[in-house]
Amino acid sequence: GVRCPTVETILSTVDFIPHANMNTVHHMLLFGCRIPASTSSSWDCGKNGICKDESSVMYAWARNAPHPELPKDVGFKVGQRSGLPYFVLQIHYGDIGAFGGETCVCTFVLQVQPFIAGIYLLMSVDTVILPGKKVTNADVACDYTSYPIYPFAFRTHTHQLGKVVSGYRVRDGKWTLIGRQSPQLPQAFYPTTKNLNIKYGDTVAARCVFTGEGRTTKTYIGSTSNDEMCNFYIMYYMDRKHSEPYMSCVEPGSKELFKHIPAEANVPIPVSPEQMHMMIHMGDSQGTSITKAALFSLHLSNHRINEFLTCVCVLDFHYQEAAGWPQSPLQLGQVSGLAVDSNSNLVIFHRGDHSWRADSFNSQAQYQQRSLGPIQQSTILVVDPAKGNILKASGRNIFYLPHGITTDKENNYWVTDIALHQVLKVSGDGRDAALITLGEAFTPGSDKNHFCKPTDVAEDPETGNIFVSDGYCNARILKFSADGKYLSEWGSGSSDRRRHIPFLIPHSLVFLPDKKDLCVADRENGRIQCFLAETGEFVKEIKKDEFEGKVFAITYSPAGDGLIFAVNGQSSFSSAPLSGFVIDYPTKEILDTFRPNTKDFEMPHDIVQSQDGSVFVADVASKSVFKFIPESKLLFFYIIDSCNVLHDAYTVFGENVLVVGLALFQHTRLMSEKQSVAQQNQLQAEEKSEVLPIREKGVLPAVITTLLLIPLVLVISMGVFLCWRKKSMFDCSKAVGSLNLGNFFASHKGYSRQGFDQLSTEGSDQERNDEDSSDSETEEYSALQRPQLSS
């Protein structure tokens, strides 16, 4: 295995070329790993496994099998930011005594590939093969619920009892073959049926045919030689904007569906005795494995990379609170919404002297404080994002309880008012004219002409269509034309139709202009759900343990392959400090977590990003707005021409090194004990994310640091010049609109996708006030029942 270069957004693996001796090596598998199963240079896969987390097959080679090639303009994303910082090469030997000497060449390219490759795995997990039974079928099937994928290769895998494995796409009842092969033949990737695609609404299905003949006991799914496996791998590519590097299916599929599987799926593919003998690779009956895996860190290599010359940029970005912002205090009420206008100014939506209290609404969601009249203060403030001073104020004598706000390209405001149960388009010229009004004032409802405490608005800047999240007592998203005509509505989505969970306060919306998706913060379900804005079809769900069960607000940046910014809320089962999150949209991984330095969030209610990369968070409880800016710990340029120099750069600066070029990855024998221990210590340090003082790492790094500082000015100048010359490949600037934060975060770890139990309460964003309610400490109030009203 080989440590991949960092910064996945500009590195793609476009080809794998095996250099193996076919007289000794039976087949090889290349996996992408976040954390390898071992820190040794090589280990026994049968005992220790491949990866500590999920492994992703990226390449398979077997003797006498064709060499699979990636289609033109297609590549795998690799590197630290891609979630695959390590390659692990698993080698199945025909003769274990021949261990060592095999090589694999991986070609990397600097330019962004328009299409990203991925793996879809269909796998049976509960099949039982009865002893002596001639035929046992293992069926797997799932509904496909993402963007279109284009399969170009497939691989089958079972152990000794497998006879044939077949994969299909099912569309409108028609079964189309993706691939079919005997798992006893060379276990490589083979070309799929040409001109095939899989899109939303299709079903992906696979069948493995086993025989229990010759067995005297039941055989279960497992990893040892006495167990069985049923895997069908689909290697696909999809548009980079919507890429998902790994998808899986473990559902057994319905008997009714598989009644219609083509007859060919039940016909074994003949394998000669010679071929069968060649494919036995799992050792003796005790399960002793003769497979080996190799872990080889690039920055510890002494192997010189030929024709390797590049610029190393060391960058480490993290969001920190901007000290001294705003320069003068802002006199705000409960801050419910934020936006950024076309002039890059911050827009604040607040409630003045009104507040949401426990007695603000009755059980029918009707507002109880109309006698107070509308808010007399200016509720919409346009603020200089750099200094925090007010540039313009408007929105007087219109609103009762402001909530969400967004701006259009003409700097008009789309807003929601939960007391009015209305959505309004208000002029941004200071006249405070309501250009469009949706809903009936103070009248909650659930038809297309009424809302019930609507929470937020998002706009498609191309069409002018708007989307409304509705809300605290409805559970839907509504779509309207630019002039306010009702178009459609939908509820929550699910990749598993049998486990559909309705929205529980859809609280915040964001439109993704480069992807044409619409995402919603489903507050009390602690998740982010995304849909095709055109049709409302479900695309994906982002749900993390770090959200602590609640997601209050989201915003989006097209930087890199797309970033979601989110803030969570107080949870009754956790006392962890509330935080902001930066999430990679394609992989759904958390890249950064941030929170204020001066004081904790109390109830972060909205979030927005400005064009210079700054992030603003509104806190409804503390009546304040926080500003966060991306800060770098180090920016350095160095020219390297071999792995030896690269090793020095890693020693001094850590992992944040950008490497480009052609890398030759060589599988070697076990490293010396000293090297293995050093490598193990380093990997453990990476897993714990501990930063050791430089003085603890010995004298040599200090000497290297001193030597590197001598030509500092010349090196930086040269690096700036090279990056300027190569700006079409990598932009080192921080100009407005060009900040690519997806390339800059130092590291991110894997997170569980375990869900949360549905909560039995809904929290409002009422002001904390000990005199108002005994529940004010937690901001939790009983959920209002949907009003039984006629439209």
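The values are calculated or read from the model by the stated rules, or taken from the named source; none is laboratory data. Fair warning: this is a prediction, and the values are worked out from it, not measured in the lab. No Cβ is skipped: glycine too gets one built from the backbone with ideal geometry, and neighbour counts run over all protein chains shown.
Some points to look at:
- Selection of the range 474-519 for residues being in a strand (DSSP E or B) and touching a Pro at 6+ places or on another chain (Cβ under 9 Å) yields Arg476, Ile477, Leu478, Phe511, Leu512.
- Search result, residues across the range 568-578 that are at pLDDT below 90 and either assigned to a strand (DSSP E or B) or among the β-branched types (Val, Ile, Thr) (or both): Ser571, Ser574
- Residues satisfying the stated conditions in the range 389-430, i.e. of a type in the set (Gly, Ala, Ser) and not in a loop (DSSP other than H, G, I, E, B): Ala393, Ser394, Gly404
- Considering the conditions (1) without any contact (Cβ under 8 Å) to a residue 40 or more places away in the chain; (2) closer than 22 Å to Arg523 by Cβ; (3) of a type outside the set (Lys, Arg); (4) outside any loop (DSSP other than H, G, I, E, B), Ser371 is excluded by exactly one of them, (2).
- Considered as a group, the residues in the range 579-622 that are in a strand (DSSP E or B) and among the charged types (D, E, K, R) include one that is surrounded by the most Cβ atoms within 10 Å (Cβ to Cβ), and that residue is Asp606.
- Annotation: of all residues in the range 253-269 being in a loop (DSSP other than H, G, I, E, B) and surrounded by 15 or more Cβ atoms within 10 Å (Cβ to Cβ), the one that is farthest from the chain's Cα centre (by Cα) is Ile269.
- When residues in the range 118-139 are screened for being surrounded by fewer than 15 Cβ atoms within 10 Å (Cβ to Cβ) and in contact with a Pro (Cβ under 8 Å, 6 or more places away or on another chain), 1 of them pass.
- Flag if Ala386 is part of a loop (DSSP other than H, G, I, E, B) and free of Cβ contacts under 8 Å to residues at least 12 places away in the same chain: yes
- Residues that are assigned to a strand (DSSP E or B) and not aromatic (Phe, Trp, Tyr) within the range 464-473 comprise Ile466, Val468, Ser469, Asp470, listed in sequence order.
- Exclusive hit being touching a residue at least 24 places away in the same chain (Cβ under 8 Å), of a type in the set (Gly, Ala, Ser), closer than 29 Å to Phe480 by Cβ and in a strand (DSSP E or B), set Gly333, Gly337: Gly337
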